[in-house]
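The values are calculated or read from the model by the stated rules, or taken from the named source; none is laboratory data. Owing to the predicted nature of the structure, the values given are computational and were not obtained by experimental measurement. Neighbour counts are summed over all protein chains in view; Cβ atoms, including those assigned to glycine, are modelled from backbone coordinates with ideal geometry.
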Amino acid sequence: MTLRSFSFGGGVQSTAALVLQAQNKLPKSYDAFLFSNVGDDSEHPETIEYFNKIHKPYADKHNINLIELKRIKRDGSSPSLLEHITNSKRAIDIPVHLVGGGPGNRNCTINYKVKVIHKWQKQNGATVDDPAVCGLGISTDEIQRARTNSGFDDQVLEYPLIDLKLNRNDCMNIIKDAGLPPAPRSACWFCPFHKKEEWRSLKRERRDLFDKAVKLEKLLGDRREELGRDRVYLTSRNKPLDEVVDDQLVLDFGGAETCDTGHCFI
């Protein structure tokens, strides 16, 4: 029997998919919902709190197999994403912004989300002859993020929310109608893909995390300079975070700073 799992990011679309599974309204149900946790110190605290207090009890109540995964290296260690990028001497495995260029690599998503879920699928029966299905919580308003090739010959992708013609607002209503509190957006608190208003919100509401992001940006920039390279930044403005982000609330209609992997922010 083909293994069917859902890449559960912990955000709005993923939460809606969890509710739809409980209501037997998905095109096909999933054997497991897989939450690849990049680290309690790396995921936004609201995501971790909602996962523990809302997602897990809801899944248990409705007999849904919700599994928390973490990256485990070959030596058996399991550093969080924050620990990895803080302690690495050379590589910066998050998409920091380069002076005069676009964002850097996205190895964070590959190593801490995509490969972790794929490893679990292989351990649970996925083969080339019987590839596992990986459901992604992409809705119709972000259909440009959907892709057909997973990059693995023993995994195929599907998009149940797109099949149901649901957008993000539909997902929010599904969550509300199920009696659940609004789901937070799923992202690391230091993610360089944050829009400016998200940085403002972090500064206003979680100044402790904002200050940590400022220090992290400086650490990564200093490391680059020690290697004889240009500094890097957490925003596309190519200036220190505490100089870019003010406290003024503005309307933000989006932009290029977004994730297109299908594994983050869902």
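Which numbered condition in (1) surrounded by fewer than 18 Cβ atoms within 10 Å (Cβ to Cβ); (2) among the basic types (Lys, Arg); (3) not assigned by TED's automatic domain parsing to the domain that holds Gly39 is the only one that Lys122 fails?
Every condition holds for Lys122 apart from (3).
Residues that are surrounded by 19 or more Cβ atoms within 10 Å (Cβ to Cβ), over 23 Å from the mean Cα position of the chain (by Cα) and either assigned by TED's automatic domain parsing to the domain that holds Thr86 or in contact (Cβ under 8 Å) with a residue 12 or more places away in the chain (or both): does region 231-243 have at least one?
yes
For Ile162, state whether it is touching a Ser or Thr at 6+ places or on another chain (Cβ under 6 Å) and assigned to a helix (DSSP H, G or I).
Answer is yes for this residue.
Select from region 32-65 the residues that are under 11 Å from the mean Cα position of the chain (by Cα) and closer than 14 Å to Ser80 by Cβ and list them in ascending order.
Answer for region 32-65, where residues must be under 11 Å from the mean Cα position of the chain (by Cα) and closer than 14 Å to Ser80 by Cβ: Ser36, Asn37, Val38, Ser42, Glu43, His44, Thr47.
Assigned by TED's automatic domain parsing to the domain that holds Lys113, surrounded by fewer than 19 Cβ atoms within 10 Å (Cβ to Cβ) and under 21 Å from the mean Cα position of the chain (by Cα): is that true of Gln144 in this structure?
yes
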